[in-house]
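The values are calculated or read from the model by the stated rules, or taken from the named source; none is laboratory data. What you see is a predicted model; the values in this text were computed from it and never measured. Every residue, glycine as well, gets a Cβ built from its backbone with ideal geometry; the counts of neighbours run over all protein chains shown.
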Amino acid sequence: MAHLNRKKNRRKVHFRIRKKIEGTTQRPRLAIHFSNKNIYAQLIDDDKGVTLASASTKDKKAGISSAANSENAAKVGAVIAERGKSAGVNEVVFDRGGFVYSQKVKALADAAREGGLKF
């Protein structure tokens, strides 16, 4: 039952974060999500309700193995930065999805910054 409380608490934190941030056309939201096996990242324009670019460990074109660890998080961060650049995105608003900013989240964010996205 402890995992249900942890999931519920993360969801509460995520709702608090989402009240404060919003993605626009000039500065979309970089939303991330971690499941037990995969990592997902999206660049979302909340004004239009459109996903501009996405990357995940399930994406065969990226060539990333399907494991939710820090190494693959960094690879997903690099891929989302590359795809964001090709979509014409330079600045983003970072939405950590209620996850604690450490290890996987930090690895993804640092790789996206190194790829050229500004937070």
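Only strands (runs of 3 or more DSSP E) wholly contained in the range 1-83 count here; list those with 2 or more residues that are farther than 16 Å from K104 by Cβ and without any contact (Cβ under 8 Å) to a residue 12 or more places away in the chain.
Passing ranges, in order: 50-56.
In this entry, S70 is excluded by the filter for residues that are over 16 Å from R113 (Cβ atoms) and of a type in the set (S, T, N, Q). Summed over the range 29-55, residues that are polar (S, T, N, Q) and under 19 Å from R113 (Cβ atoms) total 2.
Quick one: is I64 within 14 Å of the chain's Cα centre (by Cα) and either hydrophobic (A, V, I, L, M, F, W, C) or at pLDDT 95 or above (or both)? Spell out the reasoning first.
Values: within 14 Å of the chain's Cα centre (by Cα): no; either hydrophobic (A, V, I, L, M, F, W, C) or at pLDDT 95 or above (or both): yes.
No; evaluated as a whole, the condition is false for this residue.
Taking the range 60-78 as the range and being under 14 Å from F34 (Cβ atoms) and among the small types (G, A, S) as the test, the residues that pass are S66, A67, A68, S70, A73, A74, G77. Among the conditions (1) outside any helix (DSSP H, G or I); (2) touching a Leu at 6+ places or on another chain (Cβ under 6 Å), the only one that S102 does not satisfy is (2). Report yes if L30 is farther than 21 Å from Y101 by Cα, surrounded by 11 or more Cβ atoms within 10 Å (Cβ to Cβ), modelled with pLDDT of 95 or more and of a type in the set (A, V, I, L, M, F, W, C), otherwise no. Criteria not met by L30.
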